[in-house]
Amino acid sequence: MSFDARIDELKLELPPAPKPMGVYKPIVQAGNMVYLSGHGPLKSDKTLITGRLGLDMDVEVGYEAARQTGLGMLATLRNHLGSLDKVSRLVKLLGLVRCTESFDAQPAVINGCSELFRDVFGEDAGVAARSALGTNALPGGIAVEIEAIFEINT
C-alpha cells in the first residue's frame, strides 16, 4: 500500500504545511536525503499546543502534541516531495520536550510522533534512530519540537 493511501486509511488529517517563522527552510533536500527543520505542534486551526510537561501537561497530552507535530512534518514532506510515496525510510528523529527539571518521560512523549511514523511508513521504513531530550524553553512556549532526517527515492 502506498504511504499516501495509508494516510487516508488511517483517517489522518494533515494540517497545512507550516511556514518558516524565521530565517530557515522547513525542509532541505541534499541528494537522496531530506532534512526537516524543527517542527512544533501546529493544529489545523493554526494554533499551537503550548505548555510544560510535568507542570501543566501530562504525558498523554504531550504525546498528542508530539503526534500533531508529526502530522505537520508529514505535511511538509508531502508538500516538498509531491507524494509521501517518495519516502524510502525515516533515518533519524530528534525530539525536544519542554518540561520541568524532574520530568523524565521524554521518550513516552516523543512516542506520539514515532508511533505515527511507524503506522504510516511501517516498521522497517518508519522506525529510526531517535533521541528524546528535555529542555526548559522552546519557541512560543510550545510543548515539543521535533526534527527528522528521511531518505527518499530520487
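Below are the figures for this structure:
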read-out: For peptides 8-20, 66-78, 93-105, sequence by mean Cβ density within 10 Å, most packed first; value: 66-78, 93-105, 8-20
read-out: Contour minus Cα-Cα distance for ALA108 and LYS11 (0.36 nm per residue); value: 32.6 nm
read-out: Counted charge near LEU36, where neighbours are those whose Cβ lies closer than 13 Å (Asp, Glu -1; Lys, Arg +1); value: 0
read-out: With Cα atoms, 0 to 90° folded angle of helix 106-126 axis to the chain main axis; value: 10
read-out: Ordering of 81-91, 138-148 by packing [mean C-beta count within 10 Å, highest first]; value: 138-148, 81-91
read-out: Accessible solvent surface per residue of the chain, calculated while the other protein chains remain in place, 1.4 angstrom probe, Å²; value: 49
read-out: Under 22 Å, Cα to Cα: Lys pairs in segment 1-118, sequence gap 8 or more or different chains; value: 10
read-out: Net charge contributed by nearby residues that have their C-beta within less than 13 Å of ASP58 (K/R +1, D/E -1); value: -2
read-out: Packing rank of 109-120, 23-34, where each peptide gets the mean count of other beta carbons within 10 Å, highest leading; value: 109-120, 23-34
read-out: Answer label, with Rg and Dmax of the Cα atoms in Å calculated from the coordinates and candidates (1) 17.0, 53; (2) 18.8, 65; (3) 14.5, 45; value: (3)
read-out: Residue-averaged 222 nm ellipticity for the chain, from DSSP H runs of 4+ at -39500 (n - 2.57), nearest 500; value: -11000 deg cm²/dmol
read-out: Taking all pairs of distinct alpha-carbon atoms in segment 1-62, Kirkwood radius in angstrom; value: 14.6
read-out: Inter-part distance where segment 1-45 and segment 130-154 are each reduced to a Cα centre, Å; value: 12
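The values are calculated or read from the model by the stated rules, or taken from the named source; none is laboratory data. Here the structure is a predicted model, which means the values were calculated and not measured. Cβ atoms come from the backbone with ideal geometry, glycine included; neighbour counts cover every protein chain shown. Accessible surface areas use protein heavy atoms only, side chains included; no ligands, DNA or RNA. Shrake-Rupley method; radii C 1.70, N 1.55, O 1.52, S 1.80 Å.
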